[in-house]
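Here is the structure we will look at.
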Amino acid sequence: MSNDNEKRLNFPLLPLRDVVIFPQMMVPLYVGRTRSIQTLEAAMKRDSQIFLVAQKVAKMDDPDASDLYSIGTVGTIVQMLKLPDGTVRVMVEGKHRARVSHFTNLDPFFEVEVEIIEEPGVDTVELSAIRRSLYSAFETYLDHARRIPKDMLKSLSSIESPSKMADTITLSLNLKLRERQELLETIDPRQRLERLYAILQREIEILQVEQRIKTRIKKQMEQNRQENPEDAEAARGEMGGAEEFKNELKELEDAIRNKGLSKEARGKAERELKKLRMMSPMSAEATVVRNYLEWLLALPWGEKTTDIDDIEFAEKVLDEDHYGLKKPKGRVLEYLAVKTLAGEIKGPILCLAGPAGVGKTSLVRSIARATGRKYVRIALGGVRDEAEIRGHRRTYIGALPGKLIHSMRRAGTDNPVILLDEIDKLSSDYRGDPSSALLEALDPEQNNAFNDHYLDVDYDLSKVMFVCTANYLQNIHPTLRDRMEIIDLSGYTLDEKVQIAKRYLVPKQLKENGLGTTDVQVSEAALAEMIQLYTREAGVRGLERETARLMRKIAIEVLKDKEKKRKSYRITPQNIQKYLGVPKYRKDRTDKENQVGLCNGLAWTEVGGALLTIEVSVVSGNGKLNLTGKLGEVMKESAQAALGWVRSQSDRLGLDEKFFTENDIHIHVPEGATPKDGPSAGITIATALVSALTGRPVRHDLAMTGEITLHGKVLPIGGLKEKILTAHRHGIFDVVIPADNAKDLKDDMPSSILKEVTIRQVENVSEVLDIAIPGGWRVDSAENDDKGSFGEEIAPAQHPC
């Protein structure tokens, strides 16, 4: 062995109880005896070297030299930690086998002089054969002793030293102290491997006998349980819980008999109950069957609430909760009217589509209240697993039904109003497509037999009123969208927002901010000022936040003014900035004067309409078209189509053939960080181009929207209501729209807006230019500075911008 070991033969001795430390073994020890703790402290002062030896009698608290084995292991203290209860936790690593020569000190702790034991040389061929046999036997042992991880074989195969291999296997076996000590004292590796092989064979035989006994007993018990169910029940009685289990089975049987289950569900429940009777109440399978029956019986089967068929009451409730929203309210009243006349009808599948904050979710709650039905909400945002909708099959551990069956259980009736919130936020991945799973539930022709994977029986959803909400209809699966009746909820007008704030938001925030008994008056003019200067949205969510902020400021004043005994607070346009600070927006973002190459367009966004300014400039160059403003592909193509039409009108514009090859055209849409796309800015781009090329200004009090073709046709667009509301909100009262969108005006637009805004319907770009460029855009129309498209004078806007 090394010279270091020959020099250091004197070590503190630590007696061990029921533990034998082998070389190359690292083990934690808990030391509590005073003498042993002193031994550790002495060892830490001597380079952490210590001699570890087992006691012959483990129960002896104060052993002497004769009570210790003579062969042990020289080890190193890797870590030592004193615990709060006075004991010491020490991590030791075995290094070499050693034999005690004599004791050099007995008090206050043992100190010995030891002789390091050298391992003799071995026959390589014979040893290799023994190692293979031992490895094979240990592999067989692992198959029966499942407490030892299989990875042990991999680590064992990488060990080259036969001595280390024997010691490693010894550590994995559950041997008595005497056998472990004998293996430690067996110095010759070959003899140690042979002895270990014999021990393994003995342990394998014991494990095999144990396994055969367990299998035979289990088989006999199963056979007895099937042949003699009374005896099985008596056995359960001996183990305890038989009476409770018997009562539980009786309750389930009564519930199945009294519940209005379908024929299929009743048959399934009876089969599962029969299966449960044959099981042990404490088994895992019994728990699975019990949970299934509880779910099946907890669902409403034929239990429903009575609908309120009073049309006037429903209309009153809807008007109390929401201002405006005539279209969705009308659809609910239609449903109630038809149901009253026709009796039982299928529940409708409605989809409320519109920007955030317009009241889609709260409207569904009002629908439930107006119809007298239970209300349940299912949040679909971020759902990407089909099993969330249809449930997991019972073969999976922890399987449960899907969200629809969960909702029916929560509702407790089979005709609730179920809100599928944010249905456009569904996504899919390798686990399936939830949108496809909803196809069956949202089809009135199929949902009377909806099949959840967990229940595995048909369940009737045809009486449910499903109402979905969405911000983006284009994100909904086309087949799923086809099953729904779409109701658009566009943005509110200024007057509607004022009334909503006055009737709902202000009273609500007064109550929530502790001002219910305080006289706070917010004028309609102040509310209009708040809407125009502090919010820019289609809905009223931001308006509610600003209203809450206003009330918090007033709450501070109320507490400060207690001594002054101030009784009332009046909020007017003159003092609203005192509470809300500097305005976030301007009322009017349009220019005050007509400008060349600048035209107001209208766009649709997820939060409503937006004013889109198009800027065009012409500079010397080589005929390039530059597009900036973070435009999408469709908008870029729309700009190219507009330029194509303008080039085809070169003669009418008085431009020479070389003009487009000797000049560059730059089209820019401000707010460059915001992505923009869509074809509806086509006529706006064409108008700005003609203005820039001819040097004639465009009307600043006019806005427009419409798609353009290469032949100059103006095609219809979407989001008309939001766009016209945006123009009105920005003080523009003259709007150009495609003639094909005229039908949308009758259906969607508030009459108050149509009275204030002049709507001009056009079929081609020439008509747009006649309206937008007061001085005329053709070469031959320069002299008609104040004439319109048909020689008529264009009336100025009736309202200031």
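Figures for the structure shown
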| read-out | value |
| --- | --- |
| Total charge dipole magnitude, the stretch 76-159, about the Cα centre, Cβ charges on Lys, Arg, Asp, Glu only, Debye to nearest 20 | 540 |
| Positive-end extreme of charge dipole, the chain - chosen from I554, I771, T705 (charges on Cβ) | I554 |
| Segments 509-522, 697-710, 762-775 sorted - mean Cβ within 10 Å per residue, highest first | 697-710, 762-775, 509-522 |
| Phi to ³J(HN,Hα) by Karplus 6.51 cos²θ - 1.76 cosθ + 1.60 over the stretch 631-637, Hz, x for Gly, Pro | 8, x, 4, 5, 5, 5, 5 |
| Amide H partners (placed H, <5 Å) of Y69, local residues excluded | A54, K56 |
| Added length on full extension, which subtracts the Cα-Cα distance from 0.36 nm per residue, A525 to R99 | 143.2 nm |
| Cα→Cβ-extended label distance, 7 Å offset, between A58 and R393, nm | 5.0 |
| Helix 682-694 vs. the chain, principal-axis angle (Cα, 0 to 90°, nearest 10) | 60 |
| Integer Hz, Karplus 6.51/-1.76/1.60 couplings in order for the stretch 297-313, x for Gly and Pro | 7, 7, 6, x, 10, x, 8, 9, 8, 7, 5, 7, 8, 7, 4, 5, 5 |
| Long-range HN-HN contacts of N663 with modeled amide H, under 5 Å | G621, G623 |
| Three-way shape call for the stretch 327-484 based on the alpha-carbon gyration tensor, with the a/c threshold at 1.5 | oblate |
| Alpha-carbon centroids, the stretch 380-423 and the stretch 38-94: separation in whole Å | 61 |
| Share antiparallel - DSSP beta bridges, the stretch 414-570, percent rounded to 5 | 30 |
| Sites Q499 and K560 - FRET efficiency at Förster radius 25 Å, r taken between beta-carbons, to 0.05 | 0.20 |
| Farthest positive-ward along the stretch 302-393 dipole, Cα basis, beta-carbon charges - from A342, P328, I311 | P328 |
| Extension gain, R17 back to N663 (0.36 nm per residue minus Cα-Cα distance, nm) | 222.7 nm |
| Angle between the chain longest axis and helix 189-227 axis [Cα atoms, degrees, rounded to 10] | 60 |
| Length released on extending from L754 to M278, taking residue separation times 0.36 nm less the Cα-Cα span | 163.8 nm |
| Ranked order, K45, K560 - accessible area, probe 1.4 Å, largest first | K45, K560 |
| V634-L153 pseudo-label distance in nm [points 7 Å out on the Cα-to-Cβ vector] | 6.1 |
| Carbon + sulfur, % of accessible area of the chain - ligands and nucleic acids excluded, 1.4 Å | 49 |
| Computed [θ] at 222 nm, helices only, for the chain once each DSSP H run of length n ≥ 4 contributes -39500 (n - 2.57) | -13000 deg cm²/dmol |
| Cβ-defined net charge surrounding V669, 9 Å radius [Lys, Arg +1; Asp, Glu -1] | 0 |
| C-alpha long axis of helix 162-172 to longest principal axis of the chain, angle in ° | 70 |
| Highest-first arrangement of 439-448, 542-551, where packing means the average Cβ count within 10 Å | 542-551, 439-448 |
| Pairs of lysines in the stretch 513-640 (C-alpha under 17 Å apart; 8 or more residues apart or interchain) | 5 |
| Antiparallel content of DSSP bridges confined to the chain, in %, to 5 | 55 |
| Amide H within-cut-off set for I571, under 5 Å, with H built and near neighbours excluded | Q521, V522, S523 |
| Alpha-carbon centroid distance for the pair the stretch 313-358 / the stretch 251-283, whole angstrom | 40 |
| Using a Förster distance of 45 Å, the FRET efficiency for K592-K346 (Cβ separation, nearest 0.05) | 0.20 |
| Lys, Arg +1 and Asp, Glu -1 on Cβ, resulting dipole of the chain about Cα centre, debye, nearest 20 | 1980 |
| Sites matching trypsin sites (Lys or Arg not before Pro) across the stretch 623-664 that sit in DSSP coil, with at most 16 neighbouring C-beta atoms within 10 Å | K624, K630, K658 |
| Stokes-Einstein translational diffusion, the chain - Kirkwood Rh over all Cα pairs, 0.890 mPa s, 25 °C, in µm²/s | 68 |
| Surface accessible to a 1.4 Å probe, per residue, for the residues of the stretch 641-713, Å² | 40 |
| Pairwise label distance in nanometres, L81 with D651, each label 7 Å out on the Cα-Cβ vector | 9.5 |
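The values are calculated or read from the model by the stated rules, or taken from the named source; none is laboratory data. Keep in mind it's a predicted model, so treat the numbers as computed, not measured. In this analysis, Cβ positions are derived from the backbone assuming ideal geometry, glycine residues included, and neighbour counts consider all displayed protein chains. All accessible areas refer to the heavy atoms of the entire protein, side chains included, with ligands and DNA or RNA removed. Shrake-Rupley method; radii C 1.70, N 1.55, O 1.52, S 1.80 Å.
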